[in-house]
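What follows is a single structure, written as structure tokens, with notes after it.
The values are calculated or read from the model by the stated rules, or taken from the named source; none is laboratory data. The structure displayed is predicted, hence computed values, not measured ones. Reconstructed Cβ throughout: ideal geometry from the backbone, glycine too, with neighbour counts over all protein chains shown. Ligands, DNA and RNA are stripped out before the accessible areas are found, and what is left, the full protein with its side chains, is counted by its heavy atoms. Shrake-Rupley method; radii C 1.70, N 1.55, O 1.52, S 1.80 Å.
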Amino acid sequence: MNRSTKVARRIIRVRSKISGSAERPRLAVHRSLRHISAQVIDDASGRTLAAAKDTELAPAEAKGKRKTEIASLVGKLLAERAKGKGITSVVFDRRDKRYHGRVRALAEGAREGGLIF
């Protein structure tokens with residue numbers, strides 16, 4: 001079994017247990033080696049309600065910070081945008097990543113920003 005098959009199986013395993021609704025949308029995290037982004041998705045209608053990524057941060061805000069600190073800022077930015085749309089509670093979707101490091105930092109930043117999950 002190759003790596004892409006294993007990743008796809010992990011994503012399917014997580015998504016079989018998690019689904020976002022209008023009342024409680026899904027917070028999906030995408031992490032690459034260099035960047036991190038997150039979306040709040042209503043799976044019933046298939047719409048992205050709010051999104052944030054590290055490239056949207058002000059250069060002065062991110063300068064000199066580690067990737068985990070930047071992930072926390074992205075979580076806070078996403079929480080601010082979601083609360084602006086009236087979203088307070090979400091379901092966390094880590095995809096194929098462990099709840100560790102940058103994924104955890106983003107989740108904790110979103111919690112600090114006021115999202116409940």
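Quick check, is Ala82 open to solvent by less than 50 Å² (accessible area, probe 1.4 Å) and more than 14 Å from the chain's Cα centre (by Cα)? Here the answer is no, as Ala82 does not meet what is asked.
Going by the structure shown, is Arg34 at pLDDT 95 or above, over 12 Å from the mean Cα position of the chain (by Cα) and either small (Gly, Ala, Ser) or open to solvent by 80 Å² or more (accessible area, probe 1.4 Å) (or both)? Please lay out each step first, then the result.
Values: at pLDDT 95 or above: yes; over 12 Å from the mean Cα position of the chain (by Cα): yes; either small (Gly, Ala, Ser) or open to solvent by 80 Å² or more (accessible area, probe 1.4 Å) (or both): yes.
Judged against the criteria, Arg34 is a match.
When Ser89 is tested against (1) in contact (Cβ under 8 Å) with a residue 40 or more places away in the chain; (2) surrounded by 13 or more Cβ atoms within 10 Å (Cβ to Cβ); (3) among the small types (Gly, Ala, Ser), exactly one condition is not met: (2).
Which of the residues that make up region 44-67 are within 18 Å of Val103 (Cα to Cα) and not β-branched (Val, Ile, Thr)? Steps first, please.
Here is the first cut: in region 44-67, the ones within 18 Å of Val103 (Cα to Cα) are 50-57, 62, 65-67.
Correct list: Ala50, Ala51, Ala52, Lys53, Asp54, Glu56, Leu57, Ala62, Lys65, Arg66, Lys67.
Within region 44-81, the set of residues being touching a residue at least 24 places away in the same chain (Cβ under 8 Å), in contact with a helix residue (DSSP H, G or I) (Cβ under 8 Å, 6 or more places away or on another chain) and among the hydrophobic types (A, V, I, L, M, F, W, C) comprises Leu49, Ala50, Ala51, Ala52, Ile70, Ala71, Leu73, Val74, Leu77, Leu78, Ala79.
Sort through Ile41, Ile70, Ile18 and tell me the only one that's of a type in the set (Val, Ile, Thr), assigned to a loop (DSSP other than H, G, I, E, B) and under 22 Å from Arg98 (Cβ atoms).
Values: Ile41 fails: assigned to a loop (DSSP other than H, G, I, E, B); Ile70 fails: assigned to a loop (DSSP other than H, G, I, E, B).
Answer to the selection: Ile18.
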